[in-house]
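The values are calculated or read from the model by the stated rules, or taken from the named source; none is laboratory data. None of the values given here were measured: they were computed from a predicted structure. So basically every Cβ, Gly included, is an ideal-geometry build from the backbone, and we count neighbours across all protein chains shown. Just so you know, the surface numbers come from the protein's heavy atoms only, side chains and all, with ligands and any DNA or RNA stripped out. Shrake-Rupley method; radii C 1.70, N 1.55, O 1.52, S 1.80 Å.
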Amino acid sequence: MHALTGSPAFVLFAILALGLTLGKVSVKGVTLGSSGVLFSALAAGHFGLQVPQGISELGTALFVYCVGLGVGNRFFGSLCSKGSKLVILSILVVGLAWCITLAGCRLCGIDYAVGAGLFAGACTSTPGLAAALEALQAAGHDTAAVNIGYGVAYPFGVVGVVLFVQLLPRLLKKSLDDTPRDAAAQPESGQITQRVVVVSNPQLMGQQIAGPLVSRMLQCRITRVLHRDMLVPVTPEAEFSEGVEVMMVGTRDQLDKDTLILGSADAEVPVSHRCADESAEVIVLEKSMGNRTLRELDTLGRHGVVVSRISRLGVSFVPTDDTEVVRNDVLTVVGPPERIAEFKRHCRHRPAAIGATDILSLVAGVALGILVGKVSIGGGPDSDGFSLGLAGGPLVVALILGHFGHIGPIKGYMPRPARMLLTDFALMLFLAGAGVSGGRSLVATLQQHGFSMFLLGAAVTAIPLGFGYLLARKWLHLPLPEALGGICGSMTSTPALGAITGKTDRQSPVIAYATAYPAALILMAVLAKCMVALL
């Protein structure tokens, strides 16, 4: 038996297996998930078991890098858009949680290292924990206390936010679907959808449907024409005539505007009334097609297919004729099956490439992030200066990659299934290393600060929740679904978001969460480091 417990590799995977088993235990629908690994690791550390050296640092770098890639394509945009309300909500909620933690540590005599763990755990912020650990290591302090603080506060952080978003609507006697049923059933304004339109504009009669005049007038893409009760792909020679019906693809706002230009919507023809083999996703691998507009490519005239939408870096949008196609774009095309097959050959399409992960970009991006994290700013004779560190460097690089798409040859895209798998695995590696380190002094720390730690952790979760709700509703005037989604993002609580989406089909809570989450993620990491700096 000693041969197994003395093997760090075996101990690591045993901790992961036991932690995931613990994470599957459900209490009133609430589970710990991957974070169950932290508690099995704390127990293993208490009994003196070891995991491979450096596993926590490896997990930190991979985890924050994958998280950054996932939110980078919307983080910078959220700072400049109407989502700035949610960013403000996120900053104020996280700031209040930090102030409560700081005041509680001073009042109760709790060490700031424990406080940093309590702050990260109460806000369910693993990047915050990673930043605090790194700051402690850089300052030469023991890291056990911060792990224990995180382990104490984390369960209430998870359960508290989930209970808040579930119970608050009941207490207020309000429904998350607080809009009329017919409005709630419509797609969100930014969601791509389809509509059949009856053309009655006399200025369009005789014009080619795919001609330059029409493309300049419309924001949507016309992909099909109603012919003998079937929606068939549009052809290059097709023209507008009185009463002709066409199917358009676009966002709801775009469709509303273009419908007024063409004529009126036809609710009698279902948009599903078409053949499934007349559309396909095609990845562009042909170099000559890169950085050329759809007008230059003329896919309908040359290949007989219409590009209805483009997916780039995991984000889909409806293009115009002036949209440039970038290599590795995934195009949704509509056309006859034989023309789609010909277009696939022209693009050098490979089905496996759509979901493929560029391993070189992954390892090069993480390496670049670690390098950026090592750069010291403002150092002097008596100070090493400030650096982003292992938690901040990869995160910043990933955010930039996610926003711009690439840095030189390093791509900022990873298919969501691969990214989610790597994120979860990296998180477990980090928690295993951190938990084993903290488990060595678990009992001593609990004996010294046990009751006050639990109270402070609960306060750091509960007070910002109430403040965030009042702020979102009374000052920022957000609807209830967006307010709760923004609060989940501000507390970086994915389980709570799941509790909301299980009660409503609306997308606004998810959008609010995605807007508030990145700012909270970064701010928690920065403030956790600031608390350690007070030691």
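Packing, taken as the mean count of other beta carbons within 10 Å per residue, orders the peptides 478-489, 336-347, 224-235 from highest to lowest as 478-489, 224-235, 336-347.
If packing is taken as the mean number of other Cβ atoms within 10 Å per residue, what is the order of 9-15, 132-138, 417-423, 166-172, highest first?
Numbers: 9-15: 17.7, 132-138: 24.1, 417-423: 15.6, 166-172: 12.9.
Highest to lowest by the protection proxy: 132-138, 9-15, 417-423, 166-172.
As a calculated quantity, the FRET efficiency between C108 and F404 at R0 = 51 Å, using C-beta atoms, amounts to about 0.65. In this rough spin-label picture, where each label sits 7 Å from Cα along the Cβ direction, the R350-M420 distance is 2.5 nm. R0 = 22 Å: FRET efficiency of R252 with L171, Cβ-based, nearest 0.05? Result of the calculation: an efficiency of 0.10. A Förster radius of 41 Å, combined with the Cβ-Cβ distance separating M205 from R302, puts the computed FRET efficiency at roughly 0.95. Legend: residue pairs K474/K529; K344/K411; K173/K474; K257/K411, Cα-Cα distance threshold 28 Å; pairs beyond threshold, K474/K529; K257/K411.
What ranking, highest mean first, results for peptides 296-307, 102-113 when packing means the other Cβ atoms within 10 Å averaged over each residue? Mind showing how you got there, number by number?
Details: 296-307: 19.2, 102-113: 17.5.
So the peptides 296-307, 102-113, ranked by packing, come out 296-307, 102-113.
Extension gain, R292-R216: 0.36 nm per intervening residue step, less the Cα-Cα distance, totals 25.6 nm.
Once you list every other residue whose beta carbon is under 13 Å from the beta carbon of L133, what net charge do they have if Lys and Arg are +1 and Asp and Glu are -1? The partial results should precede the final answer.
Working: positive: K529; negative: E57, E134, D142.
Local charge sum for L133: -2.
Between V326 and D229, what length comes free when the chain is fully extended (0.36 nm per residue of separation minus the Cα-Cα distance, one decimal in nm)? Working shown, then result.
Values: separation 97, 0.36 × 97 = 34.92 nm, distance 3.64 nm.
Here the segment from V326 to D229 would lengthen by 31.3 nm.
Taking 7 Å steps out from each Cα toward its Cβ at H141 and E281 produces label points 4.7 nm apart.
Spin-label model, A265/L470: points 7 Å from Cα along the beta carbon direction are separated by 4.1 nm. Accessible area ranking (1.4 Å probe, heavy atoms, ligands and nucleic acids excluded), largest first, for F47, F404: F47, F404.
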